[in-house]
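See structure below.
The values are calculated or read from the model by the stated rules, or taken from the named source; none is laboratory data. These figures come from a predicted structure and were not determined experimentally. As a convention, Cβ positions derive from the backbone with ideal geometry for all residues, glycine included, and neighbour counts pool all protein chains shown. Ligands, DNA and RNA are excluded from the accessible area calculation, which covers all protein heavy atoms including side chains. Shrake-Rupley method; radii C 1.70, N 1.55, O 1.52, S 1.80 Å.
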Amino acid sequence: MIDFTIPADLAAERDRIRQFVADKIVPYERDPRLTSHGPTDELRQELVELARAEDLLTIQAPTALGGRGLTHVEQAVLYEAAGWSTLGPVAMNCAAPDEGNMFLLSKIADPDQTERYLKPVIDGHQRSVFAMTEPGGAGSDPAQLSTIATFDGENFTIDGRKWLITGANGAKTWIIMAELTENPHLPAGPTLFLTDGDQPGIVIERTMNTMDRNYVAGHCVVRFEGLTLPKSALLGDTGQALRYAQLRLAPARLTHCMRWLGAAERAQSIAIDHAKTRTAFGKTLGEHQGVSFMIADNEIALHQCRLTIWHACWLMDQGEKARHESSMAKSFVSEELFKVADRCVQILGGIGVSDETVVEMIFRDMRPFRLYDGPTEVHKYAIGRKVLR
């Protein structure tokens, strides 16, 4: 029997998180440290301490590492509440890219790597990056990896250029994907490496100007110039980076959906309040059919998105990889939530395109969601291939 009941304790925690975000985090949306390149690390640390004080920091981490070991469905319920503000996940340390990186490291890092690189991220003391995307190279098609790693039997040397590397400025835990060339010591192929961010050979060229500003320290162009790493920097097995990336991406696609669902709900609530009070042509906006239909379309979309997320999460909680379902969720939810945000801007009229409300920021920040962890077209291509097989 299908049961959509949210257990009482989970519902209570959801409500507590929503209240925490509304009371403690929302006021920071006007903080000057929320810059055009995202929250500064100083702001992040301040928000993290607020969540720590409420025992809401990194709740998704495995119990062995201090977290609650949430199921995917539990994450869906709680991350939606955290997403009421785009700063909510930052405060609770469940925002990208750290959330996905923590998940990956908890699966494949060895004990020494866990102690040195993972635990400080879980504790909220440092940030992490996943350096894969390249100008003219790896992106939606990671097989086009052009960053090269060589191995002489003792050390790896990495050379290449990456961009759109989220949070690179100031991050201390770095996961780097590079193509390990043929050598007599280890199998070649796409490989992950784990290192400190202040290593000689990691050059941050610049922070890119992008339309979103919800990720700490923005997105950077990075160059690896003779980056030399010991054999202990190897993360997992050589030649397995694409498999590990898939391990990370399926849950990460869904956590993006969960967080942005919360933000879209926030936008809808603001639009509803406006439609109830703003008048035009002798009645409130909500009494005009055109506006009421937009609000109804939003409500339908939010409900459909939630159920789509929950189903994919439920499958993963049953032990399935759910790649097909997570691809469907990512492509559907990202498109629908952007429409929700767009309709909210429309309902708000002139103030919708201003910073008088947070809807304008949600709209801009949500647009890149359709590209995160694979654009809609890539997911639909994969979905179509599976169906046609």
query: Of the residues that make up the range 67-74, is at least one modelled with pLDDT of 95 or more and more than 22 Å from Arg253 (Cα to Cα)?
result: no
message: Pairs please, first residue from the range 366-386 and in the same structural domain as Trp260 (by the TED database), second anywhere and open to solvent by 60 Å² or more (accessible area, probe 1.4 Å), Cβ atoms under 7 Å, 6+ apart in sequence or on different chains.
response: Arg367/Met211; Pro368/Met211; Gly374/Ser140; Pro375/Ser140; Val378/Ser140; Ile383/Met328
- line: (1) farther than 29 Å from Met208 by Cβ; (2) open to solvent by less than 30 Å² (accessible area, probe 1.4 Å); (3) outside any helix (DSSP H, G or I) all hold for Gly319 apart from (2)
task: Please give the number of the condition Asn183 fails out of (1) open to solvent by 20 Å² or more (accessible area, probe 1.4 Å); (2) of a type in the set (S, T, N, Q); (3) within 30 Å of Val359 (Cα to Cα).
output: (3)
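One line per residue, one yes/no per condition, for (1) in contact with an Asp or Glu (Cβ under 8 Å, 6 or more places away or on another chain); (2) free of Cβ contacts under 8 Å to residues at least 40 places away in the same chain; (3) within 23 Å of Thr207 (Cα to Cα):
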site	(1), (2), (3)
Val21	no, no, no
Glu42	no, yes, yes
Glu54	no, yes, no
Ile59	no, yes, no
Thr63	no, yes, no
- prompt: Restricting attention to the range 49-73, which residues are within 17 Å of the chain's Cα centre (by Cα) and not in a loop (DSSP other than H, G, I, E, B)?
  reply: His72, Val73
- prompt: Got at least one residue in the range 223-235 being open to solvent by 10 Å² or more (accessible area, probe 1.4 Å), assigned to a helix (DSSP H, G or I) and under 30 Å from Thr166 (Cα atoms)?
  reply: yes
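Okay, residues lined up against (1) closer than 27 Å to Leu247 by Cα; (2) buried (at least 20 other Cβ atoms within 10 Å of the Cβ); (3) assigned by the TED database to the domain that holds Ile270:
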{"site": "Ala51", "(1), (2), (3)": "no, yes, no"}
{"site": "Glu54", "(1), (2), (3)": "no, no, no"}
{"site": "Ile59", "(1), (2), (3)": "yes, yes, no"}
{"site": "His72", "(1), (2), (3)": "yes, yes, no"}
{"site": "Gly83", "(1), (2), (3)": "yes, yes, no"}
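So, of the residues in the range 146-163 that are among the hydrophobic types (A, V, I, L, M, F, W, C) and surrounded by fewer than 21 Cβ atoms within 10 Å (Cβ to Cβ), which turns out to be nearest to Asn101 (Cα to Cα)?
Quick first cut of the range 146-163, residues among the hydrophobic types (A, V, I, L, M, F, W, C) only: 148-149, 151, 156, 158, 163.
Going one step further and asking which of them are surrounded by fewer than 21 Cβ atoms within 10 Å (Cβ to Cβ), we end up with 148, 163.
Details: Ile148: 22, Trp163: 17 Å.
By that ranking, first place goes to Trp163.
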task: Identify the residue in the range 346-361 that is part of a helix (DSSP H, G or I) and open to solvent by less than 30 Å² (accessible area, probe 1.4 Å) and, among all such residues, is nearest to Arg213 (Cα to Cα).
output: Met361
- request: Could you tell me whether Arg206 is open to solvent by 50 Å² or more (accessible area, probe 1.4 Å) and not in a strand (DSSP E or B)?
  value: no
- prompt: Does any residue in the range 344-356 that is under 21 Å from Pro27 (Cβ atoms) and assigned by the TED database to the domain that holds Ala280 come within less than 8 Å, Cβ to Cβ, of a residue that is open to solvent by less than 90 Å² (accessible area, probe 1.4 Å) and of a type in the set (Asp, Glu) six or more places away or on a different chain, and which pairs are these?
  reply: Ser354/Glu360
statement: The strands (runs of 3 or more DSSP E) lying entirely within the range 96-182 that contain at least 2 residues which are among the charged types (D, E, K, R) are 155-166
